[in-house]
Structure formats: C-alpha cells, structure tokens
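Worksheet: one structure, shown below.
The values are calculated or read from the model by the stated rules, or taken from the named source; none is laboratory data. Note that this is a predicted model, so its numbers are computed, not measured. Quick reminder, even Gly has a Cβ in these numbers, built from the backbone with ideal geometry, and neighbours come from all protein chains shown. Side chains included, ligands, DNA and RNA excluded: accessible areas come from the protein's heavy atoms. Shrake-Rupley method; radii C 1.70, N 1.55, O 1.52, S 1.80 Å.
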Amino acid sequence: MLNMLAGAVGLVVQAAIFATVYLISAPRRGRSLAILMGLLVAVDGYAVVCLGAMLLGIPWTAFNPILAVVIGLSLVSSRLRGRLRRTSDSVLPLLRRHVGALAIVAAVVLVQVVAAALSPELSIDGQLYHGPVLAELVQHGTIWGWDVPNQYMFYTDLTMVTGLNLATFTGATVFDNGIQIPHLAILIAAISALLRPRFPSSWSRAPFAALMVTTPVIWMQPRILYVDLGYAAAIVAAIALMTLIRRPRTPDLIVLAVTVLAIPAMKPAGLLTGALLIGVAVVVMAIRGRNSGARDVLRGVARFAIALLIVGPAAAAFYLRNLIEHGSPVYPVTTSFGPIVFPGIIDFSVFASGDRGSGLVDPLRWKTYADNLLLGMTQGVLKTDYDPRAGGFGYMPLIVLVLAIALVAVGLVVTRRGMSRPSRFLIPWRPQLLMAVVAAVILLLQPATFDARYVIGPTVVLLCAILLFAPAAPPRRWVGALVATIALVAASAQILWTERNVYPGLGDVRALSSLNERYQPNSPGNPWGQGFASAWLPDAPDECVKITVQTNGGVGSGGVLEATTLTTLPYALYGPGLCNDVIPVQLAQYTGSATRQEDPTVDSDFLVLYQDDETRWKRLLPDFSSCLTAVEDIDADVNYPIGVRVFANRCTI
C-alpha cells in the first residue's frame, strides 16, 4: 500500500514538473524545445534527484511526498503563479491547432501502453538483472544493503529509477515492463525539435518521428525492461539541446547537464559517450560565444561546470555505491587506469574485443555499423525479436533517405522555375554538420555497433541530419503534407508488421492468452497466469514472503554461472508486488553454524534448493529440516541443467 501511494504521488509530481517547466520555457524557447525540456526534467531530472536522495539513504517512498511539498510551496510565489497563468491561457488553443500531431503521438504511445499492460516481462536481461534491480529499489527504498542473486544487478541503472512510479502506482506489476514509455516520448520530442527548422508544421514532423520510432528495434523497447531506448533518447535530446539553444541560460545548462549525465547513469557503456558530449557542449559554447568575448564564454562554461558538479554526484550514485561497497565503481567489471586497478569479476576485455571492436575506440565499428544498416535496408529484419542485432532498423533508413531525396528534388525544381531564391531558404549547415560528426564519433565509442539497439541514438541523429538537408527552396505545403502522409503510412505498416512478426508483439500476447498456466512465462504479475516454475508463489501483490534461494555464485569471469530456471532469471521470485525478499545462499560457503537470528534459511517462508543437494542441506540443518515441506519440483531441462526443489517453512519463528 505504501509503495502504491508513493508511486501515485510520484506520477503526480512528475506531471507537475513537466507542466511547470513547459509553461515557463515555452515563451522563451518555443513549444518544441519546451516540451522536450519538460519531459527531460520530469523523467531524467526527477530520477537523478531521486537517485541522489537514495544515495543519502532517503527512500524513494519518502522522497516523493517531500518533493510534492517543495513543489506546492514554490507555488506560493505570486510571480511564478503569474508566469504560469499567462502561459497556460494559450494551452487549449494550442492543443486545437496541433490536434493532428497530438493524435499521432497519442496513438503511438497508446499502442505501447496496451502492449505493456497485456504482456509480462519477456526479455532475458529484464528477468536476469534489470527487473531484479527494479524490485530491489522498490523494497529497499534506497541503493544500499542489497543481497543480490547475481552481480549484474550492481550495474548502474538509472532507467529503473525513472520507472519506479510507473511500476508501483497500481500496486502490482502491471506497467513494470513499460517503464521506457516516457523515454519514447522524450525521443519523439527530441526528433520533433531537431526537425523544426526544416518542417515548421507539427503535422509534418510527427509522421517522421513516428516513422523512426516504429522501426522494430525501437518499437519493441518500451514493453521490455531494457535501457537502450532511455539511453538513446538521452543522446538525441542532448544533441538537440546543443544544436538548437544558441544562447543558453542557466536553466538551459542545468537541463543539459542532467541530460548528458543521465547517459552514463543509465549504463556503464555510456561513460565515454557522456564525457564526449560534455566536451562537445563546452566547444559549442566556446565557438558560439566567440563574438561576445572571452569573458562571456568563460562565464557560460563555468555555469555549465557548476551544473555538472551539482548534478554529478547524484547521477553517479550507483558508481559511488559500488566504489564504497565493492572497491570498484563499475563492479562487477574489472578495470584499470594505469597503476590503479579496480577489482571485479568480469574482465573488461570481454566488452572490447571480437565483434565488439578493439579497445575503447575502433574505426572498424563504422564498417560494422554500415553493414548493419545495409543488411536491414536490403533484407529487412532477419532476427525477429526484441534484440534484432544486425538489420534491426529494417527498411526505415531507406524510407527516410528516399523521402529526403524526394523533398530535395522537388525543392530544386521549384527553385529552377524561379519561384524563390535558393539562398533564402537554405537551412544553416553547421547544425547538421555538428549532428553528423557527433553521431559518427559516438559510433566509435559504442561497444557493439553490430547490434542495432546499441546505436539507436546516433542513427536517429544521422537520419534527422539527412532530413534537414535543404539546398533549395522548400516545396509547397501540399508536397510536404504528401511526404508526411507517406511517412505516416510507412510507420503504420511498420507497426502492423512488427506486432505480427516480432517477439513480443501483440500477436505473441494473443498466443499467450490461450496457453495453459503451465506453459506461461515465469514473470511476476503475468496477466495470463503464473508459470509452472513460479506457481508456488503467492499471487496476491500485497502478500510478501521471504525466499532463500541456492545459487552457484551468480556471475563468473565468463558470464552467468547459474544453471536453474529461477536463479538464472530471478525476476519471478520477487512476486507481483515486487516485495518478496530474495536471499541467495551457496552450499559451498554454508556451514550451518550461524545462530537462528543470523541464519537466513530458518526464518524464510520458502527455500529453493538444488535437488541433488537436498540431503546435504538437511545434514547441515538437522533441527530445521523437520520444518520443511516440499511443495514443488522444477526439474532440469536442456536450457537449465540443474533441477530445484521448493520447500515451504511450516515452523513459526
């Protein structure tokens, strides 16, 4: 109940943040940028501040009401209320003027909301560690004191923080797998803002944004517990802010600082990307401020540096936690910087060798990336699931390229007929060059350009740069509307094909609804029933239990060591309310000599033990073994070669 109430308050707070930032920014920055900035502050900004509070030991359930009180007190200012009132008077007329674009965006988001509500979490990484991270955040309230089934759960994971409210406000895991939907909105807003210099009409921009986000590799992301969409949206948004805000003020620099720092906070692979974008932001400010004098440039850079220093510790909370608890900010990865060695379990070379390229920066990644795009444009999506790898963008880049060429061709024809002078309509080329160069450099830093989901951000930026190319007069309005309509039709076709053919599309959800419970996925809150391996768990969201589960150590130097269903993919153990306390134990490290107060097994409601080790456990716990009653056997199979037996604890502790 507390989590549900805190989640509901958090959603109201995030909505209030968006509305406030939009109403304040719109008169100064325009509607497109104001929407983007409002979303960034409400989603990433909220999450960064919440993460900072959790670093200090303040639970998110307490942070939400505190933030609500702060926002309420800020409205005491008559000056702020006046600014909000003046801008809000134009909101309804504005909505009526842009009803077409709003309808497109609403339809895109609505499909994802329905898909997230009807489908359980079905991705491997989501059940392996992203989902368990979300559950640990929900039940512990902070990032401290976790006892995790596998060490991947120590990765930095800001995206899970952004989704705390969405995952808990219903009191059950209804939208837990949909926590990237707000990041989809950020990506759409960033694309719209980038395209505005070329397409002033929102009706023209919305179809192009829909075309890009409905490509299979992006379209599957908002319904699974991955982080790639949030990561990509932050990259595109950061480049949009740097490109479009020519004279940044302090609030703009704070939003930019939050955005670039959110990138490494979402996953360790973003460390170099975030550092690159910080450097680019400083260079852009220096170049644009060269006419106003060195003092103004230094003042702007200093304000940006201060914003980074203020936001940085909060965004780096997971890294700081790992450094304190494990001696390495990027635990469980082993890294070294000269003589400084950070200990871990997995060597960093695993992520920077073979198909992933050589080292941190490798020009061959450009070739891998080009091959990836070419494969999709010529053969479509070959691996039809949420991780399509090469070719994951399908035919979408080709469609965008054809439409861009058509617009340029029509513009040249109009110009040759003397209807207008070419120079009058040229889009400034420097922003396009900045976008293309930054995107190209980002590609060098990504650890897996052969996998489409790792390069969503730079791909979207490159496609926007192509659409902005306008060496001639713009076509008449009806031509732009026709091209936008074609883009909208292509986006609709992508949605229909993807939902029918790509896992987990709505076609797969329909198939799930007809399956017997025994064959359902073992995912918490599955609306179609509990899977066989988790059917013994209480199915009421407010019924929380303690579970001791035998593991093989979680992660080793070569990856996951687990060989049972429930330890390899432990998300199901946390239950539909994400409130079950999951305690991992290892037989090799267990002596059975602990007192009853210290022993996690004796006060657990359930124990999940290897079938082959049952006799050894009972020998280690002779007094306690009489309390155990076997309730389920989960036998070994081809994918999980070790079977487990589930015991219920009948004793009152």
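The table that follows gives values for the structure above.
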item	result
Out of Glu517, Glu543, sole residue that is assigned by the TED database to the domain that holds Phe624 and open to solvent by 20 Å² or more (accessible area, probe 1.4 Å)	Glu543
Subset of the stretch 624-653 (residues that are within 12 Å of Leu607 (Cα to Cα), of a type in the set (Gly, Ala, Ser) and modelled with pLDDT under 90)	Ser625
Test: residue in the stretch 404-412 that is modelled with pLDDT under 90 and either assigned by the TED database to the domain that holds Pro197 or not in a helix (DSSP H, G or I) (or both)	no
Criterion: touching a residue at least 40 places away in the same chain (Cβ under 8 Å), closer than 30 Å to Ala630 by Cβ and assigned to a helix (DSSP H, G or I) - qualifying residue of Leu467, Leu463, Leu488, Leu512	Leu512
Members of the stretch 294-341 that are more than 30 Å from Gln151 (Cα to Cα) and either open to solvent by 30 Å² or more (accessible area, probe 1.4 Å) or touching an Asp or Glu at 6+ places or on another chain (Cβ under 9 Å) (or both)	Ala294, Arg295, Asp296, Leu298, Arg299, Val301, Ala302, Arg303, Ala305, Ile306
Close pairs (7 angstrom Cβ cut-off, 6 or more residues apart or separate chains): closer than 12 Å to Pro313 by Cα in the stretch 38-58, outside any helix (DSSP H, G or I) and modelled with pLDDT of 95 or more anywhere	Met54/Thr142; Met54/Ile143; Leu55/Ile143
Per-region count, the stretch 228-249, residues open to solvent by 10 Å² or more (accessible area, probe 1.4 Å) and touching a Phe, Trp or Tyr at 6+ places or on another chain (Cβ under 9 Å)	1
Some residue of the stretch 268-281 being farther than 28 Å from Ala436 by Cβ, within 27 Å of the chain's Cα centre (by Cα) and not in a helix (DSSP H, G or I)	no
Matching residues, the stretch 87-112, being in contact (Cβ under 8 Å) with a residue 12 or more places away in the chain and open to solvent by 90 Å² or more (accessible area, probe 1.4 Å)	none
So Gly274, is it in the same structural domain as Gly57 (by the TED database) and open to solvent by less than 20 Å² (accessible area, probe 1.4 Å)	yes
Hits in the stretch 570-608 - residues which are part of a loop (DSSP other than H, G, I, E, B), surrounded by 21 or more Cβ atoms within 10 Å (Cβ to Cβ) and at pLDDT 90 or above	Gly575, Pro576, Gly577, Leu578, Asn580, Ser604
Members of the stretch 550-569 found to be more than 26 Å from the chain's Cα centre (by Cα), open to solvent by less than 10 Å² (accessible area, probe 1.4 Å) and either of a type in the set (A, V, I, L, M, F, W, C) or on the phi > 0 side of the Ramachandran plot (or both), listed by number	none
Residues of the stretch 224-252 satisfying the condition of being under 11 Å from the mean Cα position of the chain (by Cα) and not β-branched (Val, Ile, Thr)	Leu225, Tyr226, Asp228, Leu229, Gly230, Tyr231, Ala232, Ala233, Ala234
Total residues in the stretch 301-341, condition closer than 20 Å to Lys267 by Cα and of a type in the set (Lys, Arg)	1
Matching residues in the stretch 129-159 - criterion: being touching a residue at least 40 places away in the same chain (Cβ under 8 Å), among the aliphatic types (A, V, I, L, M) and buried (at least 21 other Cβ atoms within 10 Å of the Cβ)	Leu134, Ala135, Leu137, Val138, Ile143, Leu158
Odd one out for Pro431, checked against (1) open to solvent by less than 50 Å² (accessible area, probe 1.4 Å); (2) modelled with pLDDT of 95 or more	(2)
Output for the stretch 174-206, where each listed residue is open to solvent by less than 10 Å² (accessible area, probe 1.4 Å) and assigned to a loop (DSSP other than H, G, I, E, B)	Ile179, Gln180
Thr459 at pLDDT 95 or above, open to solvent by less than 20 Å² (accessible area, probe 1.4 Å), among the polar types (S, T, N, Q) and closer than 27 Å to Leu244 by Cβ	yes
Selection within the stretch 137-161 - over 17 Å from Pro268 (Cα atoms), assigned to a helix (DSSP H, G or I) and touching a helix residue (DSSP H, G or I) at 6+ places or on another chain (Cβ under 7 Å)	Leu137, Val138
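A quick yes/no check of all residues on (1) of a type in the set (Ser, Thr, Tyr); (2) more than 21 Å from Thr214 (Cα to Cα):
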position	(1), (2)
Ala68	no, yes
Leu73	no, yes
Val76	no, yes
Thr87	yes, yes
Leu95	no, yes
Gln112	no, no
Leu118	no, no
